[in-house]
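> Supplied in C-alpha cells, the structure appears directly below.
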Amino acid sequence: GSIKLDCLGVDNFIGGHELGLMQPVVDAVHEIIHKKTGPGSDFLGWLDIPNGYNADEIERIRKVASNIRKNSEIFVVVGIGGSYLGAKAAIDMMSHSFASVLDRERRGRPLVLFAGQNISTSYMNDLVEVLEGRDFSVNVISKSGTTTEPAIAFRILKGMLEKKYGMEGARKRIVVTTDEKKGALRKLSNENGYETFTIPDDVGGRYSVLTPVGLLPMSVAGIDIEKVLQGACDALEDLKEKDVMKNDAYKYAALRNILYKKGMSIEMLVSYEPALHYFAEWWKQLFGESEGKDSKGLYPASAEFSTDLHSLGQYIQDGRRILFETVIRVEKPKCKMEIPASSDDTDGLGYIEGKDMDFVNQKALEGTMLAHIEGGVPNIQIKIPSVDENTLGYMVYFFEKACAASAYMLGVNPFDQPGVESYKKSMFKLLGKPGY
Ligand code: PA5
C-alpha cells in the first residue's frame, strides 16, 4: 500500500540545495509534533491511533455495521466537515462508480447516503422522498454535538424513524458518534439509550477519519477497516524518520513550503480517477482548515483529469503562474478495458486499438505533466499502487502527517479553526438564536 513521492516535476523550479536547507526546520517540526510541544498539541491523538487500534472497538463497529447491513436498505450518515468528508471519501473511493443504481442484491450492502452537510431544502426533501417506504438507519456524527446543519437533518430523520418504527424501533436504528461526555448528542444518547461511539478528545474533526467517525460508515459500506488501519499503520512506521530526504511526508510538506515562498499560492490536487473525487474534497478540508489562517496558507484546489483538462486546463497551462499541481497517479487500475479493434478507422483510433484504456490514461498523465511543467507549473507526483483499503489508510495518514508538518513550517496551529466561527455567529444573529 505504500505510496511514493516523485519530485522530478519540481526540478525546474527548485534548486538542488533548497530541500536540504529545510532540514533544520523539519527537525524542529518533527520535534514539536512528536514531543507534542507545539500549538494545538492537545489534538495530536491521530498520530498514534492506527498503532494497536482497540480490538474491542473494531469488533463493536463490525457488529453494529453488520446489523445495519441486515436491516437497512439505506444508511444515512449525518455530519459536516470532518464529521463527513472522510467517510464520504473512503466510501466513494472503494465503491462501484454507480453504486446508487445497482440493486440491493448486486450492491450487497445498504446504499450510504449523506445528510447534514448542507441546509438545502430540495436536498433534504429528495432524501426524505427516497427514504419513504424503505428501511433505513441513521448515524449522526458530531464531535461538538451542537453543529446546526447536522442537528437540523438529524431532527428530521429521527422524527421519520420514530414515526415509522415507533420509539423503540427507532432507538435501534440510530447510532451516535460524538464526544465522550460533552454536547447535546451525548445527552440525547444517554436519555434515549442509543448505541454510541466516541470521538477521542485529542482528535479534531478533519483528522478523525480513522476513528469511528469514518470507520463505522466504511464498515457498513463493506470496506475492510482492518486493512485500512493496517495501511495507516504502515505509513506511521514509514514516516517516523526525520530526515527530509527519507520521509516523504516531510518532503512533501517542505516542497509545498518552498513553492509557497516562491509565490505559488494555489496547490491543485489532481487525479485521473473519478473515484478519488471526494478524497480530494477531504484533502482540501484537511489542508485548507489547517493552514489557512493568520493571513497565510496555500489555497487547496482540486481537479479531475482528463475531464478538467477540457475546462480548467487552459488556465493551468496559460493563466497566472500562481499554482502548482500534486498529481495522484494510480499505478494499477482495478480492471482492464481494451480499446476494441474496428474494421475501418474513420474515428482515427487505429494507432491505439488493442491498447488498454489505462495505457492511454497514463500517457495523458505523463503528457499533461510535461506540458504543464513546460508552461511553468511545478508538478509533484504521488504514486499509489492501486485504489484499495490499504492504500486508503496509508494516504490518509500520509496527508495528515504532512499537513501537520506543513502547517508548523508555515508557523500556524494546524489544529484550530477560529475562522469557522465567524459565519456561524453572523448566521445565528440573523436567525435570532438566543445569546447572539
Ligand atoms: O475539522 C473540523 O474540526 C470541522 O470541520 C468539524 O469537523 C465540523 O465543523 C463539524 O463539527 P462537529 O463534528 O462538531 O459537528
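> How big is the charge dipole of the range 23-136 about its Cα centre, in debye rounded to the nearest 20, if each Lys and Arg gets +1 on its Cβ and each Asp and Glu gets -1 on its Cβ?
Details: 13 positive and 15 negative charges, 64 e Å.
That gives a dipole near 300 debye.
> Sorted by average packing, counted as other Cβ atoms within 10 angstrom per residue and highest first, what order do 123-135, 211-223 take? Let's see the in-between values first.
Numbers: 123-135: 13.6, 211-223: 25.8.
In descending order of packing, they fall as 211-223, 123-135.
> I want the antiparallel fraction of DSSP beta bridges within the range 236-387, as a percent rounded to 5.
Details: 1 of 20 bridges.
About 5 percent, rounded to the nearest 5.
> How big is the gap, in Å, between the Cα center of the range 184-257 and the Cα center of the range 359-436?
That distance is 15 Å.
> May I ask for the percentage of alpha-carbon pairs in the range 258-316 that lie more than 14 Å from each other? Could the numbers behind the result be given before it?
Values: 1002 of 1711 pairs.
Percentage above 14 Å: 59.
> Per 10 Å bin from zero, what fraction in whole % of the C-alpha pairs of the chain is there, up to the bin with the longest pair?
P(r) for the chain, in whole percents per bin: 4, 20, 29, 25, 15, 5, 1, 0.
> Just tell me which lysines come within less than 18 Å, Cα to Cα, of LYS63; anything on the same chain fewer than 8 places away is out.
Filter leaves LYS172, LYS227.
> Using the crude model of +1 on Lys and Arg Cβ and -1 on Asp and Glu Cβ, and no other charge, please compute the dipole size for the chain relative to its Cα centre, in debye to 20.
Values: 52 positive and 60 negative charges, 344 e Å.
With only Lys, Arg, Asp and Glu charged at Cβ, the dipole is about 1660 debye.
> Something else: Which value results when the Cα radius of gyration for the range 212-299 is divided by 2.2 N^0.38 Å?
On the way: Rg = 15.8 Å, N = 88, 2.2 N^0.38 = 12.1 Å.
Computed over Cα atoms of the range 212-299, the ratio equals 1.31.
> Sorted from largest to smallest, which semi-axis lengths in Å does the alpha carbon gyration tensor of the range 1-93 give for its equivalent ellipsoid, taking the root of 5 times each eigenvalue?
Details: eigenvalues 298, 83, 36 Å².
Whole-Å semi-axes of the equivalent ellipsoid: 39, 20, 13.
> Give the relative contact order (percent, whole number) for the range 255-335; include only Cα pairs under 8 Å separated by 6+ residues.
Numbers: 88 pairs, mean separation 38.1, N = 81.
About 47 percent, as a whole number.
> Ranked highest first by average number of other Cβ atoms within 10 Å, how do 146-158, 400-412 line up? Intermediate results must be reported in sequence, preceding the final value.
On the way: 146-158: 19.6, 400-412: 23.5.
Top to bottom by mean Cβ count within 10 Å: 400-412, 146-158.
> Farthest toward the dipole's positive end in the range 289-402, which of GLY292, ILE352, LEU370, given Cβ charges of +1 (Lys, Arg) and -1 (Asp, Glu) about the Cα centre?
Result: GLY292, furthest along the dipole toward the positive end.
> With +1 on the Cβ of every Lys and Arg and -1 on the Cβ of every Asp and Glu, and nothing else charged, how large is the dipole of the range 37-95 about its Cα centre, in debye rounded to the nearest 20? Each step should come with its number before you reach the end.
Numbers: 6 positive and 7 negative charges, 63 e Å.
Computed charge dipole of the range 37-95: roughly 300 debye.
> Of PRO340, ALA151, GLY204, whose Cα points farthest to the positive end of the dipole of the chain (charges on the beta-carbon: +1 Lys, Arg; -1 Asp, Glu; origin at the Cα centre)?
In the chain, that residue is ALA151.
> Still on this structure, please answer the following. Identify, among VAL26, ALA235, ILE74, the residue whose Cα sits farthest towards the positive end of the charge dipole of the chain, taking +1 on the Cβ of Lys and Arg and -1 on the Cβ of Asp and Glu, with the dipole about the Cα centre.
ILE74
> Sticking with this structure for a sec: Show that you can apply the helix-only estimate: for the chain, add -39,500 (n - 2.57) for every DSSP H stretch of four or more residues, divide by all residues, and state [θ] at 222 nm to the nearest 500.
Computed ellipticity for the chain at 222 nm equals -14500 deg cm²/dmol.
> Convert 20 °C to kelvin, take the viscosity as 1.002 mPa s, use the Kirkwood radius over C-alpha pairs of the range 47-199 as Rh, and evaluate the Stokes-Einstein diffusion coefficient in µm²/s, rounded to a whole number. Present the calculation step by step, with values, prior to reporting the outcome.
Details: Rh = 16.1 Å.
The calculation lands on 133 µm²/s.
> Report the relative contact order of the range 98-209, percent, no decimals, based on alpha-carbon pairs under 8 angstrom and at least 6 residues apart.
23 percent
> Can I ask one more? Take THR37, project a point 7 Å from its Cα along the Cβ direction, then tell me which residues of the range 393-436 have their backbone nitrogen under 19 Å from it.
Flagged as within label range: 404-415.
Any read-out appearing in this document is the output of simple, stated calculations on the displayed coordinates, not a laboratory observation. Everything numeric here is computed off the predicted structure, so don't read it as measured data. For neighbour counting, all protein chains shown are included, and Cβ atoms are generated from backbone atoms with ideal geometry for every residue, glycine included.
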